[in-house]
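The structure appears right after this line, and notes come after that.
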Amino acid sequence: MTEKDQGNVPSRQRKRFPGISSRSYEHPADRSALVALRKLSGFDTVFKTLSGLLPERSLRLLFLSDSVRVSDAQFSHLNDMLRDACYILDLEKVPPMYVTQDPKPNAMCIGLDEPIIVVTTGLVELLDEEEMRAVVGHEVGHALSGHSVYRTVLLFLTGLALKIAWIPLGNVAIMAIVTALREWFRKSELSADRAGLLVGQDVQASMRGLMKIAGGNHLHEMNVDAFLAQADEYEKAGDLRDSVLKILNVLPRTHPFTTVRAAELKKWSESRDFQRIMDGHYPKRSEDKDTSVTDSFRESAGHYADTVRTSKDPLIKLVGDIAGGAGDLAGDLGGKLRNAFGGGQGQKKQDTEGTAGTDGTAGDGRNSSDGGGTAQSEG
């Protein structure tokens, strides 16, 4: 933001993060994908070429003509929040923001060349000032990370899949890409939640906002701790069938479930990474070009390994047990199979015979001088 813009921000003092890189708050899976994409030469050119095919210009005209653009004259409190968020995250160009009539609470950041932020009237009416500030910071975080590009592509491909649903192979190919993009985008939402916390700097407001999105404007009937307990119950409840159902439930979604988002954000807010950022120690945007793709993927892999190790989900725990103790599992399974088919008795008999002799001739042959040693040497 310019010095002129900095005067028009709310009076509450919040920490600012000059030159902060989006890598500082990005979820490891989101970060590794973005670092790899940024390293691809010509990637930006390809997507700008695609802008002629995607409905971005149409969307911009639609919001301009049929929504209310946030400014000093319209929704001025949202305009203050937007400027404040851009100031805190040091985003130089403030993206245009629109309020559109829709009773469903929602917000998004889209655009290939320049991001635009859209919030619905349902969301504006649902959240209080501090909760809304976290949402605006969430969307500015999307803009800073460059998520708007991939979100626009996802919207386009989702619409395309519906149009070509009558072409079996074409639909399968498009939906495979859509499914992969949705998996990435769900992780990007966790990243943006963290950006929202950095902007609002009020974890309780972030929790309340997510809780209201799940349960509506009945805050007096809800409790943050009980809401977080739901997330814990969701993660560890049920058997393997429930684990599969969880996967099937989340596949069509672009956002993680709200209880899961709240639990993930609470965990990050208590982490050393968050505290380091608040203390002023974070990666800088000027260093992004030197970021190692290998290190980013290694960190992402480490995160998933840690998730598998600590998860309470029955299916993930099973995967962790198999992956972490494959050797022990194979040994136990082999022993059970031998016992089941009589092999254990034979082994026990052999062990007994091997220890019956005291003079070295009735044992396992290792102390005999005739053949046992020869057989060993040939082996």
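Read-outs throughout are calculated quantities, based only on the coordinates presented, and are distinct from any laboratory measurement. Just so you know, these numbers come straight off a predicted model, no measurement behind them. So basically every Cβ, Gly included, is an ideal-geometry build from the backbone, and we count neighbours across all protein chains shown.
Going highest first, how would you order 67-75, 116-124, 137-145 by mean Cβ packing within 10 Å? If you can, show how the numbers build up before the last one.
Details: 67-75: 14.8, 116-124: 20.7, 137-145: 27.0.
Order by mean packing, descending: 137-145, 116-124, 67-75.
Full extension of the chain between residue 281 and residue 92 yields a length gain of 66.0 nm, computed as 0.36 nm times the residue separation minus the alpha carbon distance.
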